[in-house]
Amino acid sequence: MKMISRTRVLRSERALHYALGAFLTLAFIFAQAAVSMARGAPDSFADLAERLSPAVVNITTTTVVAGRSGGARPQVPPGSPFEDFFKDFLDGQEGDKRPRKSSALGSGFIISADGYVVTNNHVIDGADEIVIELFGGGELKAKLIGRDKKTDIAVLKVEAEEPLPFVSFGDSDVARVGDWVMAVGNPLGQGFSVSAGIISARNRSLRGSYDDFIQTDAAINKGNSGGPLFNMDGDVIGVNTAIISPTGGSIGLGFSMSSNVVSKVVTQLREFGETRRGWLGVRIQEVDSDLADAIGLEKVAGALVSDVPEGPASKAGIQSGDVILSFDGKDVANTRGLVRAVGGAEVGKAVRVVIFRDGKTMTLKVVLGRREDAERVEIVPAVAKPDAKEAEAMGMKLTGLTDEIRESLGLGSDTKGVAVVSVDETSDAFGKGLRSGDLIAEVGQKPVNSPKAVADAFKAAREAGRKSVLLLVRRGGDPRFVALSLTE
């Protein structure tokens, strides 16, 4: 009986072993197939192009341009044989004074059956008339609903007798470098055209604070502007916006504004006709290794607050010299990340902001304002009175502020700080960008009002064993922090 039981156990173990092996083999095969499907090139883009192209439109804009004046007429002596010739020639040019029409071409795509169209702002900027050409033929006049220069996005509206084919935005954040993409548009005015390639890079910035471009080698040329960049599911993950090229044609460096930026802008433009971005109310700068050391941060991260004018942040208690580490529950990697996070937040929302100050972290609650309202108001940094004695420190010749110095530097009568008279070109201060005419407002995150106070602050930092010291410097009213090495 014992032998029989032992045999059955061995058979069961073998069966289980074989079953497990078969399962693992099948799992490996399916995994390899999934990887192959994800990585392999599609057999054709034809079905995708056929399904999506009807939602893509060509855009023609017309602008009335004022006629050019003929200018001064050449003086021809009376009776000259050229008198009649010049008279006839110049009289024939009088038509140049009349207004004329100028046309431009671009692309766009329909995002709703009732006729909302997305394109680039630069495609329709200054246009007196906008006409879209449908993929299946026919033209419709378009009305501008709203536009955003910061992201170069515009929303149009057309009226059609029947529901229009449309496409939807996808999640650009899940797109990966190496994924296949397809661009559709009106390159060089040649009409509807499809090109394909891969995502070459992510999170590119070209010119603006809110930039989040997808870089692609799918051919994008002049006229593609405003057209969609599709993923293989047929979702719009970008709006084709710019190229980098020495020739003006595609060399494989095309840039599409990511859909997760565009979709928020489009929603606001459709609802309000304008953008409504969140506003924190701080001036910020990047944290580098020198600044991190001077401040006492364990790693290079966050956004350093260089100034806090009157606004949401000042009301919440955020101060100059604070480092913003987290905004609304998300870590802040750098200034660009903070700007995008704040801009994408809802106006009036109460958010938690984690800051680093005096070696500790603390959480503050800030009620966000509206950036567009803040930009209409001139922001003047807070500032105040000193003694005019001179001193030298860290390769800099310093002087207190007098009325004459304030006037020569264009400073207000209540400005506080110490003026930089000259900087030794071999010093760390010169290497970090300090120049004659700069104003040192703080040293070690404490206000200074005399050259002696600056020198004493440097001395105290050295005695405390610090490797660097943090300066708040203003130039032309703009503040920035500079970390000077104390070990030179």
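The values are calculated or read from the model by the stated rules, or taken from the named source; none is laboratory data. Keep in mind that what you see is a predicted model, and the values were worked out from it rather than measured. Counting neighbours? That spans all protein chains shown, and the Cβs are built from the backbone with ideal geometry, glycine included.
Side notes on the structure shown:
- One residue stands out in region 203-240 among those that are closer than 15 Å to Ala183 by Cβ and under 13 Å from the mean Cα position of the chain (by Cα): the one that is surrounded by the fewest Cβ atoms within 10 Å (Cβ to Cβ), namely Phe213.
- Cβ-Cβ under 8 Å pairs, at least 6 apart or on other chains, region 193-208 side over 30 Å from Asn334 (Cα atoms) and in contact (Cβ under 8 Å) with a residue 60 or more places away in the chain, far side surrounded by 15 or more Cβ atoms within 10 Å (Cβ to Cβ) and aliphatic (A, V, I, L, M): Val194/Ala49; Val194/Met182; Val194/Ala183; Val194/Val184; Ala196/Val181; Ala196/Met182; Ala196/Ala183; Ala196/Ala218
- Top-ranked residue in region 41-51 [being surrounded by fewer than 10 Cβ atoms within 10 Å (Cβ to Cβ) and small (Gly, Ala, Ser); ranked as modelled with the lowest pLDDT]: Ala41
- When Ile318 is tested against (1) in contact with a Gly (Cβ under 9 Å, 6 or more places away or on another chain); (2) in a loop (DSSP other than H, G, I, E, B); (3) free of Cβ contacts under 8 Å to residues at least 40 places away in the same chain, only condition (3) is not met.
- The condition of being surrounded by 23 or more Cβ atoms within 10 Å (Cβ to Cβ), touching a residue at least 24 places away in the same chain (Cβ under 8 Å) and not polar (S, T, N, Q) does not hold for Ala104.
- Number of the condition not met by Pro187 [criteria: (1) crowded, with 21+ Cβ neighbours inside 10 Å; (2) in contact with a Pro (Cβ under 6 Å, 6 or more places away or on another chain)]: (2)
- Leading residue by the ranking (farthest from the chain's Cα centre (by Cα)) among those in region 121-144 that are under 21 Å from Val265 (Cα atoms) and either surrounded by fewer than 19 Cβ atoms within 10 Å (Cβ to Cβ) or not assigned by TED's automatic domain parsing to the domain that holds Thr60 (or both): Lys143
- Pairs where the first residue, in region 438-458, is outside any strand (DSSP E or B) and the second is among the basic types (Lys, Arg), C-beta under 8 Å, 6+ apart: Asp438/Arg474; Asp438/Arg475; Asn449/Lys385; Asn449/Lys416; Ser450/Lys389; Pro451/Lys389; Lys452/Lys389; Ala457/Lys446
- Residue within region 318-330 that is among the β-branched types (Val, Ile, Thr) and surrounded by fewer than 21 Cβ atoms within 10 Å (Cβ to Cβ) present: no
- Residue within region 334-341 that is assigned to a loop (DSSP other than H, G, I, E, B) and either free of Cβ contacts under 8 Å to residues at least 12 places away in the same chain or not polar (S, T, N, Q) (or both) present: no
- Test: residue in region 347-361 that is under 30 Å from Phe272 (Cα atoms), buried (at least 18 other Cβ atoms within 10 Å of the Cβ) and at pLDDT 85 or above: yes
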